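No lab work stands behind these numbers, since they all come straight from the coordinates. Note that the structure is predicted; figures quoted are calculated from it, not measured. As a convention, Cβ positions derive from the backbone with ideal geometry for all residues, glycine included, and neighbour counts pool all protein chains shown.
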Amino acid sequence: MSGPATTPDADPGTRVRDLDEEALLAAFVPLLPVGDATLVPPGDDAAVVAAPDGRFVVTTDVLVEDRHFRRRWSTGRDVGRRAAVQNLADVAAMGARPTAVVVALAVPSDLPVAWVVGLAQGLADVCAPLGVGVVGGDLSGGDAVVVSVAAHGDLEGRPPVRRSGARPGDVVAHAGRCGRSAAGLALLTAHDAGWSGPGSAAGPGADDELVAAFLRPEAPLGAGAAAARAGATAMLDVSDGLLRDAGRLARASGVLVDLDAPAVAFAAERARLAPVAAALGVDVDAWLLTGGEDHGLLATFPSGVALPEPFRAVGRVRPMADASADASAGTATGARVLVAGSPPHVTGTGWDHFARGVPAAGPSSGGAGQPRR
Ligand SMILES: [Mg+2]
């Protein structure tokens, strides 16, 4: 496809309403990667993607402006990266190699075309290095920006790694970041409330590692297939916080998950986050244990298996019978998850607060974080 007559670079004031659909598509479609598994690329009524395994993994996730992201915080490129990461993390969590995504987009007529172009760049940032194609989509007008992505993956002949396969004696392991997205959201929220403490300049495009971790999460998207190859017995991506997602795995498997203390399991991450948490008056362990949207992978492996990079052991699977020995551990968390053998005590983030999916946010709460799968 040839370039548009009016590019957003030439006129940053160009709005979606200033272009017809063809010109708008021409502004960003050439930025999208075709992908390694794509047999018929965009241009026909639908794309065709190889599924050599005979099965394919499929998942979808939607991002709604002012519910999952805010335009004053997130650039289009941020949102594109996040939309890709959270979908591909779900594919990876099944033990699959991501192959292709399709994207449906609703945009207000006054949205800058540059924002849409940024969205495409963000999708490409995540998808292109993995050989994942952005192979189709749809475009519609709307009152707010809505980005809906469906992602596909190839199991490469392996069984899917489900949440239900953890067995007592398995090692619990984690790959990726933990607590950083919650910390970034807390910094943004605090700065919105007038806080001027250290740790972040905040604001869209701010070059701060923690704010960036919230705006542009980076997940170990290749580690899911590696975990499957290494014999992972159960897996999911940590989208809603470690305790909550570990609870899902525990319930599905009918086991207890006993996580190591955060100071042990996440020593480096905890040291990185602790000063920021202290400045905001937040319990750093609340970020580590209940902070969502980092999209790390939580998996269980048979004892003795060499963990594939970048997985690190963070706990043990125990039989449910241990629950009685730990008094009301199961009911206390509602999730059959222990921390260092005891029901978790997390201050700074109440369970009701957490249940709404909004991480602790310092002086002012409320944020763009929402429960995900
Ligand atoms: Mg998930």
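Check residue 15: other-chain or 5+ apart residues with amide H under 5 Å from its amide H, H built from backbone geometry?
Long-range HN contacts for residue 15: 113.
Check residue 48: other-chain or 5+ apart residues with amide H under 5 Å from its amide H, H built from backbone geometry?
Sorted by chain and number, the residues that satisfy this are 39, 40.
Compute the separation of the alpha-carbon centres of the range 22-47 and the range 278-319 and state it in Å as a whole number.
37 Å
Rank-order 150-163, 178-191 by packing density, defined as the average count of other C-beta atoms within 10 Å over each peptide's residues, highest first.
Details: 150-163: 19.4, 178-191: 28.6.
Going from most to least packed, we get 178-191, 150-163.
At 7 Å along the Cα-to-beta-carbon direction for both residue 143 and residue 60, put a label point, then send me their distance in nm to one decimal.
2.2 nm
Taking amide H positions as placed 1.01 Å from N in the peptide plane, with prolines and chain starts having none, which residues 5 or more places from residue 315, or on another chain, fall under 5 Å of its amide H?
Result for residue 315 returns 172, 260.
Explain nothing, just compute: Karplus ³J(HN,Hα) = 6.51 cos²θ - 1.76 cosθ + 1.60, θ = phi - 60°, for every residue of the range 149-158 in order, whole Hz, x for Gly and Pro.
10, 10, 10, 10, x, 10, 7, 6, x, 8
Taking 0.36 nm per residue of separation and subtracting the Cα-Cα distance, what length does fully extending residue 274 through residue 104 add? Mind dumping the intermediate values first?
Values: separation 170, 0.36 × 170 = 61.20 nm, distance 3.91 nm.
Net length gain for the segment: 57.3 nm.
Mind listing the phi-derived Karplus ³J(HN,Hα) values for the range 18-30, rounded to whole Hz, using 6.51, -1.76 and 1.60 with θ = phi - 60°, and x for any glycine or proline?
Residue by residue, the range 18-30 yields 7, 10, 7, 4, 5, 5, 5, 4, 5, 6, 10, 4, x Hz.
Can you tell me which of 308-314, 284-290, 130-136 comes out highest on packing, and rank the rest after it, using the mean Cβ neighbours within 10 Å? Write down the numbers at each step before the final one.
Details: 308-314: 17.9, 284-290: 27.6, 130-136: 23.9.
Listed from highest to lowest mean packing, they are 284-290, 130-136, 308-314.
What are the ³J(HN,Hα) couplings of the range 227-232, residue after residue, when phi is run through the Karplus curve with 6.51, -1.76, 1.60 and θ = phi - 60°? Round to Hz, x for glycine and proline.
My calculation for the range 227-232 gives 5, 4, 4, 7, x, 3 Hz in order.
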